[in-house]
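The values are calculated or read from the model by the stated rules, or taken from the named source; none is laboratory data. Everything numeric here is computed off the predicted structure, so don't read it as measured data. Cβ placement follows ideal geometry from the backbone for every residue including glycine, while neighbour counts extend to all protein chains displayed. Ligands, DNA and RNA are stripped out before the accessible areas are found, and what is left, the full protein with its side chains, is counted by its heavy atoms. Shrake-Rupley method; radii C 1.70, N 1.55, O 1.52, S 1.80 Å.
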Amino acid sequence: MLSMDSQIHSNVANWSSLTTNPMKESFLTTSLPGLFKEGRFEEFIPSDNMSREDFSERFDVVVSRLSHIHQLPNMPFPKTPFITSFLQDMVENMLVDSCCHDYRTEVTWYINLLEVLHPTLNVTFCHNDANMNNLLIPSDGTQGNVGTRDDPLAGALLIDYEYAGYNYTAFDFANYFCEMQYDWSLPQNPFFTFNEMWYPTDDRILEIIRFYKSVTPRHNLPSDEVFRDHIKVLSLGSELAWGLWCVTDTPGENVELGEYEAAKWGSYVRKKGQLEPVLRQLGVPPEACP
C-alpha cells in the first residue's frame, strides 16, 4: 500500500521506519517494505478499523499498544517534546486565508503554559496520533502471537507512525481521549460524528490510568489524580494541534477537514474554559492561567 507524506513532514518516512521495526517484531503493527523521500510502501493486511464503541470501551487494547511504544528504549529522535515543536511548525506553515481563528495567540499562550508545567511532566517515546482509524483489526482474527479468533480485537495493530517521537506521556492519553469524541463511520461528508459527551469521565480516566500503570513497568508517573490533570492540560494541545493541521497540511477547501477543524477549535475553547481549577490544583501561578 502506498502512502504519501506532506512536504512539511518530508522526513516522516524515516521516522516511521525507526518506530515500525521494533513494533513489528512484537506483532503490534504492519511492516514497511519500502521507503522514499515523499512517502513509503506499507504492508497490506486485510482488516477492519475499530468501531468507535470498541475504540472507547476496549481501552485495554489501545493502552497496551501505547504502553509498548512508551517502553521503546533510546529511540534516535529529538528529545524536545513533540507537541511544542509540532505547534510551532504548524503555526509557521499555517494557510492564513484558510483560517478564521487566532491560532497564533493560543499557541503562544499554550506553549508558555507547558514551559511552566514542564518540570512536572513525564516524557517518553509516544505515538502521538492514536485514533480509531489507526487501529486495524486483521480480518482473520489473528496476527502473529497476539490475536485470537475468540477475541479479534486482541490482535489490533496500531499503525501510522508519522508523528511518533518523544513527548509528554500524558499527550498520548489526551489524544486518545479527544479522539473518543469522534465516530468516523459516517458514510457521507463530513464522514464523522462529533459528540463531546463521549470524552471519558474522571472516573473512567482514573480506571484507564490504573490499567496503564499495571502493564507498564517503571512508568515514573505521578499519582493517578495528578496524571489525570496532566491529561486534561494536554487535551488542549491535542485539540489545538489537529485543528491547526487542518489549515496547514491540507487544502482549505476540503469540507471534511473544514468541519473537523471547526469541531477541534470549538472543543479546544470549551476545554480551555474549564481548565482554571485544574491548573490551580497543579499549582500553576495565576498569570499563566486562562
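Summary table below
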item: Residues satisfying the stated conditions in region 112-130, i.e. in a helix (DSSP H, G or I) and either under 23 Å from Ala262 (Cβ atoms) or open to solvent by 50 Å² or more (accessible area, probe 1.4 Å) (or both); result: Asn112, Glu115, Val116, His118, Pro119, Thr120
item: Residue count, region 183-193 (criterion: open to solvent by 60 Å² or more (accessible area, probe 1.4 Å) and touching a helix residue (DSSP H, G or I) at 6+ places or on another chain (Cβ under 6 Å)); result: 2
item: Among the candidates Ile137, Ile159, residue that is in contact with a Leu (Cβ under 8 Å, 6 or more places away or on another chain), open to solvent by 10 Å² or more (accessible area, probe 1.4 Å), modelled with pLDDT under 95 and more than 30 Å from Thr80 (Cα to Cα); result: Ile137
item: Restricting region 89-109 to residues that are surrounded by 20 or more Cβ atoms within 10 Å (Cβ to Cβ) and modelled with pLDDT of 95 or more, the residue that is farthest from Lys79 (Cα to Cα); result: Glu106
item: Cβ-Cβ under 6 Å pairs, at least 6 apart or on other chains, region 211-224 side closer than 17 Å to Val123 by Cβ, far side surrounded by fewer than 16 Cβ atoms within 10 Å (Cβ to Cβ); result: His219/Lys213; Asn220/Asn122; Leu221/Asn122
item: Among the candidates Leu240, Leu275, residue that is under 19 Å from Asn167 (Cα atoms) and either modelled with pLDDT under 95 or surrounded by 16 or more Cβ atoms within 10 Å (Cβ to Cβ) (or both); result: Leu240
item: Residue within region 141-151 that is polar (S, T, N, Q) and closer than 19 Å to Glu57 by Cα present; result: yes
item: Checking Cys246 against (1) crowded, with 18+ Cβ neighbours inside 10 Å; (2) touching an Asp or Glu at 6+ places or on another chain (Cβ under 6 Å); (3) touching a residue at least 24 places away in the same chain (Cβ under 8 Å), the condition it does not meet; result: (3)
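One line per residue, one yes/no per condition, for (1) touching a helix residue (DSSP H, G or I) at 6+ places or on another chain (Cβ under 8 Å); (2) in a helix (DSSP H, G or I):
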residue	(1), (2)
Met197	no, yes
Pro200	yes, no
Arg204	no, yes
Ile209	yes, yes
Ser214	no, yes
His219	yes, no
Pro222	yes, no
Asp229	yes, yes
Leu234	yes, yes
